[in-house]
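The block underneath contains the structure these notes are about, expressed in structure tokens.
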Amino acid sequence: MNTVTLVGNAGNNVEIFEFEKSKKASFSLATNERFKQNNEEKTITSWHNVIAWGKLAEQCETLISKGKFVKVEGKLVYRNYMNKDNQKVYITEIQAYKVLEVEKKA
């Protein structure tokens with residue numbers, strides 16, 4: 001089963017792409033992993049590309065802004081394309097099927 005759940009901060013304002021019959025929302029999400037190493041608190045931040053289509057894209061348009069703390073549920077999507085230098089570029093994205101605003105714990 002291809003399922004992903006991420007909770008983190010939006011890294012940028014949502015970008016909206018309009019097509020003839022649909023909309024696509026795109027934004028980055030930063031997730032943090034905290035742990036102790038040699039009695040010192042460490043944090044590793046990972047960045048994820050998130051996309052949403054249709055009605056969810058419209059919801060993201062009003063919900064997502066830089067720094068907003070959100071939960072994203074979706075699936076991993078892999079794609080590739082040839083860039084202008086004729087090199088193959090690989091992209092990994094989270095295709096969201098649910099995006100919710102969540103409150104940070106104190």
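Under 5 Å between amide hydrogens, built in the peptide plane, is the criterion, and for Gly11 it picks out Ser28, Leu29, Ala30, Gly67 among residues at least 5 positions away or on other chains. Computed from label points 7 Å out along Cα-Cβ, the spacing between Val4 and Leu100 is 1.9 nm.
Partners of Lys21 within straight-line reach, counting lysines whose Cα lies under 18 Å from its Cα and excluding those fewer than 8 residues away in the same chain: Lys55. Shape analysis of the chain yields a ratio of the Cα radius of gyration to the Kirkwood radius, Rg/Rh, of 1.04.
Computed from point charges on the beta carbon alone (+1 for Lys and Arg, -1 for Asp and Glu), the dipole magnitude for the chain about its Cα centre is near 160 Debye. In the range 48-98, the portion of solvent-accessible area held by carbon and sulfur atoms comes to 48 percent [1.4 Å probe, whole percent, DNA, RNA and ligands not counted]. Over the chain, DSSP H runs of length four or greater, each weighted -39,500 (n - 2.57), average out per residue to a 222 nm ellipticity of -3000 deg cm²/dmol. Accessible surface calculations at 1.4 Å, restricted to protein heavy atoms, place the chain at 73 Å² per residue. Note on Thr62/Glu33: beta-carbon distance plugged into 1/(1 + (r/R0)^6) with R0 of 30 Å gives a FRET efficiency of 0.55.
The values are calculated or read from the model by the stated rules, or taken from the named source; none is laboratory data. Note that the coordinates shown come from a computational prediction; the quantities given were computed from them, not determined experimentally. So basically every Cβ, Gly included, is an ideal-geometry build from the backbone, and we count neighbours across all protein chains shown. SASA here: full protein model, heavy atoms, side chains in, ligands and nucleic acids out. Shrake-Rupley method; radii C 1.70, N 1.55, O 1.52, S 1.80 Å.
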